[in-house]
There are 2 protein chains.
Amino acid sequence: MSRGKKQAALAIDIGGTKILAALVSPQGDIISQEYCLTLAHEAVEAVINRLLTTASNTLDKANMEISQLEGLGIAMAGALDTKRGIVTASPNLPGWHNIPLKDIMTEKLGIEVYLINDANAAALAENLLGAGRGAHNMIYITVSTGIGGGIITNDRLYSGVNGCAGEIGHMTIDVNGPKCNCGNSGCLELLASGTAVAKEAITRVRRGESSQLSELVAGRLEDIDARIVGIAADRGDPLACDIIAKAANYLGVGMVNLVNIFNPERIIVGGGMSHLGDMLLEPARRVVRERAFQLAAQSVSIVPSQLGDNAGVIGAAMFVFQSAGPHT
Amino acid sequence: MSRGKKQAALAIDIGGTKILAALVSPQGDIISQEYCLTLAHEAVEAVINRLLTTASNTLDKANMEISQLEGLGIAMAGALDTKRGIVTASPNLPGWHNIPLKDIMTEKLGIEVYLINDANAAALAENLLGAGRGAHNMIYITVSTGIGGGIITNDRLYSGVNGCAGEIGHMTIDVNGPKCNCGNSGCLELLASGTAVAKEAITRVRRGESSQLSELVAGRLEDIDARIVGIAADRGDPLACDIIAKAANYLGVGMVNLVNIFNPERIIVGGGMSHLGDMLLEPARRVVRERAFQLAAQSVSIVPSQLGDNAGVIGAAMFVFQSAGPHT
């Protein structure tokens, strides 16, 4: 008996701040969308209940039922054993350790559940429907609180043996650099993420360097974040400009590594820091031109993401359709 | 009309010291083999003539003719535009710049010619017939004068948009490190290659550190190379042991990056330095266990290559068979 083509996949993107759920068509169109706060400090069960409520609201909004779904895709950051559907650990969900999320959600919803790293999901979405269309080989980099990545090789998402490939934020670029929470040292994330930018800004303002930054946060220096540094840089604040330029330079060093290793057609930059646009990308592009192998440097274009905050849910849904395979 | 299944591919591995040619069966068996010196200081045409003579001798030895061949695969180090068959530059062949080797050889021999980076060829050979059998995702690292690499993702050689992926020796692991000839800085190759080991040894012996090394080269310190340092380390020479341990540690840092980025099943180490065996691999494995993401670190095995010096020709031949595709 033919199962028939399903109309949609359900996708949930679990972020540190909010849970985003969406019904997505096989073409990647969002049919309906809902969100709620993550409130990650609450118990695991409370967060899972919010996942279920948000999912249910998304279905109601579109007048659809579980039986019409191809499956559920869940995108989130962290150390995921995607093959077994287990959340080993997640920076967004401090209390989650070895949670068998796939099994839990399958039991609750009665559909196939797929777990996918959020940056991998975004890479897939950008490749199929965004800034990566037509690229056979590409790298997606999310520069946000942390730095994550997703890899497309030979037209397919490459996720490694356990599904945890793409941790490009945790490549050492400074072997003598500080220890990272991940256990490694001198990671790209420590030098080029939003957290790194904020930390550097707070340190230097505290040290007495003059800047608009303290005004922008009304003297509450602990409120300085990468977005605020971006605003100050946009207004020409020299300290803020210097900090962004340094982070962009480090990001460029990371990209040189990726260009020499992957010889990709495209590098797509998403995440909160990507809103800085060319202020972030132009110095990174310059470093790639200056340092990477010439042929590879000439062949790569480094561009901002197109799907923005929806990349996670769209990618998680497309992952469901791809994993479920063609219908008979 | 059916072309019929060809009996063999011809493969040539152009090294800095010697040219190795082989006839290889579709199963990867070497039917016949010849070599000659590269004499890379001579003119491009002289080297190409030696390629042709060696190829011809290899055919004669097996009583075979060009018409029986599937094609010719040429493996070599350097910046190759494999898609167009052009040798942009090669460390082994100083005078070679933008040489259209594929076109030249096609014209001389009248068969299909494929150019492949030598580490990519070795990766393919090890994956199909050596230490990488059965691995869907693996990285091959050659640690020799330089450091090169080859990548298998989802059961296929991954070579990037121009065919120059895999330059893992030229990832920055020390952002404040010295400038590399490649244009980048703080490259893994500067810290963990045979050249790095020899340079460090010469510097430290010259500086007066006591060691068997000067005896081993009868006082001609400029003759110290990685092989000699390996011999001294094997005999327990503390300086030599320290130098090898440092290089192995840096190699481990590079592997951590690869493990976090690729989540591979296997990392295979070939090249001259791999003859050091566990003296090189054990410290590198320890660094991976200590620093890489836990799940990925647990899933990777780091092993020596199996095909040794023949990996290049076998891989180049297998590349010919794969590129030529199935016969009708």
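The values are calculated or read from the model by the stated rules, or taken from the named source; none is laboratory data. This one's a predicted model, so the numbers in the text were calculated from it and none came from an experiment. Neighbour counts are summed over all protein chains in view; Cβ atoms, including those assigned to glycine, are modelled from backbone coordinates with ideal geometry. With ligands, DNA and RNA removed, areas are computed over all heavy atoms of the protein, side chains included. Shrake-Rupley method; radii C 1.70, N 1.55, O 1.52, S 1.80 Å.
Over 25 Å apart at the Cα level, from the set A:K61/A:K108; B:K6/B:K61; A:K179/A:K246; A:K102/A:K199, are A:K102/A:K199. When B:C36 is represented by a point 7 angstrom out along its Cα-to-C-beta vector, the spacings to that point in the other copies are 7.7 nm, nearest first. Here the range A:1-96 has an Rg and Dmax of 14.1, 46 Å, counting Cα atoms alone. Computed as a quarter of the hull surface, the mean projected area of the alpha carbon convex hull for the range A:169-275 stands at 7.4 nm².
Based on alpha carbons, the Rg and Dmax found for chain B are 20.2, 73 Å. Here the range A:156-302 is treated with +1 on each Lys and Arg Cβ and -1 on each Asp and Glu Cβ, and its dipole about the Cα centre works out to around 260 debye. Once the convex hull of all Cα atoms in the range A:140-203 is built, its volume per residue stands at 92 Å³.
Under 17 Å between alpha carbons, and skipping anything fewer than 8 positions from A:K83 in its own chain: which aspartates and glutamates qualify? Correct list for A:K83: A:D103, A:E112, A:D118, A:E167, B:E265.
Ordered from longest to shortest, the equivalent ellipsoid semi-axes for the protein assembly as shown are 45, 32, 22 Å, each the square root of 5 times a Cα gyration tensor eigenvalue. Buried surface for the A/B pair, taken as the accessible area of each chain alone minus that of the pair with a 1.4 Å probe, is close to 4000 Å² in total.
Taking every DSSP helix (H) stretch of at least 4 residues in chain B, weighting each as -39,500 (n - 2.57) and dividing the sum by the residue count yields a mean residue ellipticity at 222 nm of -12000 deg cm²/dmol.
Rounded to the nearest 10 degrees, the angle from helix A:238-262 to the longest Cα principal axis of chain A is 60 degrees. Residues of the range B:263-308 that lose at least 50 Å² of accessible area (1.4 Å probe, protein heavy atoms only) when the other protein chains are present, relative to their chain alone, are B:N263, B:R291, B:F293, B:L295. Residue ranges B:39-50, B:66-77, B:119-130, A:116-127 sort as A:116-127, B:119-130, B:66-77, B:39-50 when ordered by packing (mean number of other C-beta atoms within 10 Å per residue, highest first).
Extension gain for B:K18 to B:E42 (0.36 nm times residue separation, less C-alpha to C-alpha distance): 7.3 nm. Ascending distances from the A:S25 label point to its copies in the other chains, with the point 7 Å along the Cα-to-beta-carbon line: 5.6 nm.
Computed from the C-beta positions of A:N154 and B:R235, the FRET efficiency with R₀ = 51 Å rounds to 0.60. What do you get when you divide the Cα radius of gyration of the range A:56-194 by 2.2 N^0.38 Å, with N the number of residues? This ratio for the range A:56-194 stands at 1.17.
Label point of A:R220 (7 Å along Cα→beta-carbon): distances to the other copies' equivalent points are 7.4 nm, sorted ascending. Restricting the range B:209-241 to trypsin sites (Lys or Arg not before Pro) that sit in a DSSP loop and have at most 13 other Cβ atoms within 10 Å of their own Cβ leaves B:R220, B:R235. Taking only Cα atoms, what is the 0 to 90° angle, nearest 10, from helix A:278-291's long axis to the longest principal axis of chain A? Around 80 degrees separate the two axes.
Put simply, the Cα atoms of the range B:57-125 extend 34, 27, 21 Å along their principal axes, the longest span coming first. Computed from the C-beta positions of A:D29 and B:E282, the FRET efficiency with R₀ = 60 Å rounds to 0.65. The residue list B:C36, B:F321, A:I104 was ranked by how far each Cα lies along the charge dipole of the protein assembly as shown toward its positive end, using unit charges on Cβ atoms, and B:F321 comes out on top. Look at the Cα gyration tensor of the range B:201-325: its axes a ≥ b ≥ c give a/c of at least 1.5 with a/b at or below b/c, and that counts as oblate. Legend: Rg and Dmax of the range B:281-322, from Cα coordinates, 15.2, 41 Å. Axis of helix A:44-61 versus longest Cα principal axis of chain A: the two differ by about 70°, to the nearest ten degrees. Of all chain A C-beta atoms, the nearest to the rotation axis linking A with B is recorded, alongside its rounded Å distance, as A:T153, 2.
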